[in-house]
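**Student:** I am attaching a structure below and will ask some questions about it afterwards.
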Amino acid sequence: MTIKKAEEKDIPLIKSLAEKSWRANYPGIISDEQIDYMLEIMYSEKALSKDFENKNYKYYLINSAENTAVGILGFETCYEKNTTKLHRIYLLKETKGKGFGKFAVEFLKSEIKKTDNSRIILNVNKENPAIKFYESQGFETYREGTFDIGNGFVMDDFLMEFKF
């Protein structure tokens, strides 16, 4: 397993990995219509390019031992005072249970220790089984939130944090 910093030229790969992950993991949690909508607003060429323009936003490709990209990690340092936001950690379904998620979170924590940030936050859908994974990595729920994302859709999430 390796993690490699993504570049703008990797946008098509990031988009593809996100779509494969979402289509495999989110049915039954949110509707297909909401999946389509969220992929378009979060993973369009324009949206991803905007992320790359933000100097605090970083994307990484999570690679298998064969150096094949199997997931993405996207986070933003200084999202709030002393806080990094984990925006995206998506893995292909076939990687489940093989340590890729833990590897990515450990990498994230090591990167954040190099900054003056002392907290990592994330949103996770209340129905997402990944909640247990985040708890196993030391994250705790600090709030619940329902967020209108447009087009008649909402995100009904737990807000979780990890403090150093």
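The values are calculated or read from the model by the stated rules, or taken from the named source; none is laboratory data. Bear in mind the structure is a predicted one, so any value in this text is a computation, not a measurement. Cβ: placed from backbone, ideal geometry, glycine included. Neighbour counts: every protein chain shown.
**Student:** Of all residues in segment 36-46, how many are part of a helix (DSSP H, G or I) and more than 15 Å from the chain's Cα centre (by Cα)?
**Tutor:** Selection size over segment 36-46: 5.
**Student:** Of the residues that sit in segment 42-98 and are of a type in the set (Asp, Glu) and surrounded by fewer than 17 Cβ atoms within 10 Å (Cβ to Cβ), which one is nearest to GLU161 (Cα to Cα)? Before you say what the answer is, go through the steps one by one.
**Tutor:** Residues of segment 42-98 that are of a type in the set (Asp, Glu), as a first pass: 45, 51, 53, 66, 76, 80, 94.
Next cut, surrounded by fewer than 17 Cβ atoms within 10 Å (Cβ to Cβ) only: 45, 53, 66, 80, 94.
Details: GLU45: 29, GLU53: 26, GLU66: 32, GLU80: 13, GLU94: 27 Å.
So, considering only residues that are of a type in the set (Asp, Glu) and surrounded by fewer than 17 Cβ atoms within 10 Å (Cβ to Cβ), the one nearest to GLU161 (Cα to Cα) is GLU80.
**Student:** Could you tell me which numbered condition LYS4 fails, if it satisfies all but one of (1) touching a strand residue (DSSP E or B) at 6+ places or on another chain (Cβ under 6 Å); (2) closer than 19 Å to LEU122 by Cα; (3) of a type in the set (Lys, Arg)?
**Tutor:** LYS4 satisfies every listed condition except (2).
**Student:** Let me ask something else. Look at segment 47-98 and say how many of its residues are under 18 Å from LEU17 (Cα atoms), free of Cβ contacts under 8 Å to residues at least 40 places away in the same chain, touching a Phe, Trp or Tyr at 6+ places or on another chain (Cβ under 9 Å) and assigned to a loop (DSSP other than H, G, I, E, B).
**Tutor:** Count: 0.
**Student:** For segment 137-164, enumerate the residues that are surrounded by fewer than 16 Cβ atoms within 10 Å (Cβ to Cβ), of a type outside the set (A, V, I, L, M, F, W, C) and assigned to a strand (DSSP E or B).
**Tutor:** Of everything in segment 137-164, those that are surrounded by fewer than 16 Cβ atoms within 10 Å (Cβ to Cβ), of a type outside the set (A, V, I, L, M, F, W, C) and assigned to a strand (DSSP E or B) turn out to be GLU140, THR141, TYR142, ARG143, GLU144, GLY145, THR146, ASP148, GLY150, ASP156, LYS163.
**Student:** Something else now. Scan segment 19-27 and tell me whether some residue there is outside any strand (DSSP E or B), over 18 Å from LYS93 (Cα atoms) and either under 17 Å from the mean Cα position of the chain (by Cα) or modelled with pLDDT under 95 (or both).
**Tutor:** At the first step, the residues of segment 19-27 found to be outside any strand (DSSP E or B) are 19-26.
So of that shortlist, the ones also over 18 Å from LYS93 (Cα atoms) come out as none.
Scanning segment 19-27 turns up no residue that is outside any strand (DSSP E or B), over 18 Å from LYS93 (Cα atoms) and either under 17 Å from the mean Cα position of the chain (by Cα) or modelled with pLDDT under 95 (or both).
**Student:** Which ones in segment 8-17 are more than 18 Å from VAL105 (Cβ to Cβ) and touching a residue at least 40 places away in the same chain (Cβ under 8 Å)? So that I can check it myself, show each step before the final result.
**Tutor:** Looking only at segment 8-17, we keep the residues that are more than 18 Å from VAL105 (Cβ to Cβ), and these are 8-16.
Matches in segment 8-17: GLU8, ASP10, ILE11, LEU13, ILE14.
**Student:** Okay, next question. Going through segment 65-89 one residue at a time, which ones are at pLDDT 95 or above and of a type in the set (Gly, Ala, Ser)? Give the steps one after another, and end with the answer.
**Tutor:** So in segment 65-89, the residues at pLDDT 95 or above come out as 68-89.
ALA69, GLY71, GLY74, listed by residue number.
**Student:** Under 8 Å between Cβ atoms, which residue pairs at least 6 apart in sequence (or on different chains) link something in segment 108-121 that is polar (S, T, N, Q) with a partner that is assigned to a strand (DSSP E or B) and surrounded by fewer than 17 Cβ atoms within 10 Å (Cβ to Cβ)?
**Tutor:** Listed by first residue and then by second, the contacts come to THR115/CYS78; ASN117/CYS78; SER118/LYS163.
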